Amino acid sequence: MSDRDDLMHEAASMYYLQDATMETIARQFGMSRSGVSRLLKSARERGIVRIHVAQADAGGDMARTITREYGVRAHVVPVRTSITEDVRLDHVARYAAQLLVEWFGPGMTLGIAWGTTVAAMTRYLPHAPRRDATVVQLNGAANNLASGLAYGTDLVSQFASAFDAVPTYFPVPAFFDYAQTRQLMWRERSVRHVLEIQSHAEIALFGVGALVAPVPSHVYTSGYLDTADRRALEADGVVGDVCTVFLRGNGSWEDVAINARATGPTPRQLQGIARRVCVVSGEAKVAPLRAALLAGAVTDLVIDDASAQTLVRSGLTSRR
């Protein structure tokens, strides 16, 4: 730890744990009040200080209901109903980033599935070094219009940079044209190496994709699916995807034809990862989220309160 890290730690301890004023700390350190303020700001950005705001009772009640209904640890983020969907996503992403810093420790491997929601979290990741940590890409990102490498690798790089972790990329398409090609590629040593790292992840981080949503899911707007694919998904009763594996409303996925060409981990493969964090913002995402929950893909859910209410109602409706 550097001298400045020591100073940040001492200032944060005095301010947050000992109730010392900024003026008191400034006199002890021989610096200005604004200098102390910058130290405390840096301490928050570096993850030395983590501020947690307790959920309101309504959010706590919803979290408990979701936990009871689906067997997951739920974190409900209170958001004003009058704000836009973009701002709602921003609130949820900030909260999820704070939780990830708490959960991701030294020597761990974090698996990242690219998507709009996970990408929003990068704005709120502090620099929080984790010794001997790894960040691995869970699903391919290329398509027939673009390599997708910038999107997938940039996202992994941003998470890896925040934690001083080793990045591992997955330079394959999001969907192969033929299932047989995927089977052959999965025999290649370079691909098997990445799959092996994925299988040893302690945390998987992902959102869910919805066919239609106010904040569009990247997989449905960036050339990954052609008209025939979309028609096939609709005919198959697909409501969305998790890690670019498509799900029906009841959580089934095994016989959805396009999944034989997909490169993301299936819900069954995700179950080999101890903590599977799904981050969701917006009521349009509730149908694919419920499918992911029914598929057993999720252990930890971060969701805005309005969407949590819709999820709870959808569970009650399905039992009638």
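Scanning the stretch 158-197 for residues that are among the polar types (S, T, N, Q) and over 13 Å from ALA133 (Cα atoms) yields GLN158, GLN180, THR181, GLN183, SER190. Of the residues that sit in the stretch 259-283 and are of a type in the set (A, V, I, L, M, F, W, C) and surrounded by fewer than 21 Cβ atoms within 10 Å (Cβ to Cβ), which one is nearest to LEU100 (Cα to Cα)? Looking at the filtered set, the residue picked out is ALA274.
Closer than 18 Å to THR116 by Cβ, surrounded by 13 or more Cβ atoms within 10 Å (Cβ to Cβ) and at pLDDT below 95, is that true of VAL215? Show your work before the answer.
On the way: closer than 18 Å to THR116 by Cβ: yes; surrounded by 13 or more Cβ atoms within 10 Å (Cβ to Cβ): yes; at pLDDT below 95: yes.
The answer is yes for VAL215.
Considering only the stretch 1-50, give the helices (runs of 4 or more DSSP H) lying wholly within it that have at least 3 residues that are closer than 23 Å to ALA97 by Cα and out of contact with any helix residue (DSSP H, G or I) (no Cβ under 9 Å at 6 or more places or on another chain). Of the helices (runs of 4 or more DSSP H) lying wholly inside the stretch 1-50, those with at least 3 residues that are closer than 23 Å to ALA97 by Cα and out of contact with any helix residue (DSSP H, G or I) (no Cβ under 9 Å at 6 or more places or on another chain) span 33-45.
Out of the stretch 7-19, which residues are more than 31 Å from the chain's Cα centre (by Cα) and modelled with pLDDT of 80 or more? Lay out the reasoning, then the answer.
Our first condition is that a residue be more than 31 Å from the chain's Cα centre (by Cα); within the stretch 7-19, this holds for 7, 10-11, 14-15, 18-19.
Listed by number, the residues that qualify are LEU7, GLU10, ALA11, MET14, TYR15.
Does MET31 satisfy the condition of being modelled with pLDDT of 85 or more, over 25 Å from the mean Cα position of the chain (by Cα), more than 30 Å from VAL166 (Cβ to Cβ) and among the hydrophobic types (A, V, I, L, M, F, W, C)? When the stated conditions are applied, MET31 passes them.
Of the residues MET22, MET108, MET8, only one is in the same structural domain as PHE175 (by TED's automatic domain parsing) and either β-branched (Val, Ile, Thr) or more than 27 Å from GLN309 (Cβ to Cβ) (or both); which? Walk me through it before giving the result.
Details: MET22 fails: in the same structural domain as PHE175 (by TED's automatic domain parsing); MET8 fails: in the same structural domain as PHE175 (by TED's automatic domain parsing).
After applying the criteria, what remains is MET108.
Cβ separations smaller than 7 Å between residues 6+ apart or across chains give no pair from the stretch 292-312 residues that are on the phi > 0 side of the Ramachandran plot and buried (at least 24 other Cβ atoms within 10 Å of the Cβ) to residues that are of a type in the set (Asp, Glu) and modelled with pLDDT of 95 or more. One residue alone among ASP132, ASP154, ASP177 is part of a helix (DSSP H, G or I) and out of contact with any Cys (no Cβ under 9 Å at 6 or more places or on another chain), and that residue is ASP154. Touching a helix residue (DSSP H, G or I) at 6+ places or on another chain (Cβ under 7 Å) and of a type in the set (Ser, Thr, Tyr): does that describe THR244? So THR244 passes the test. Cβ separations smaller than 9 Å between residues 6+ apart or across chains give the following pairs from the stretch 251-273 residues that are in the same structural domain as TYR178 (by TED's automatic domain parsing) to residues that are acidic (Asp, Glu) and assigned to a loop (DSSP other than H, G, I, E, B): ASP255/ASP236; VAL256/ASP236; ALA257/ASP236; ILE258/ASP236; ARG261/ASP177; THR266/GLU254; ARG268/GLU254; ILE273/GLU202.
The values are calculated or read from the model by the stated rules, or taken from the named source; none is laboratory data. This is a predicted model, so every value here is computed, not measured. Note that we place each Cβ from the backbone using ideal geometry, even for glycine, and neighbour counts take in every protein chain shown.
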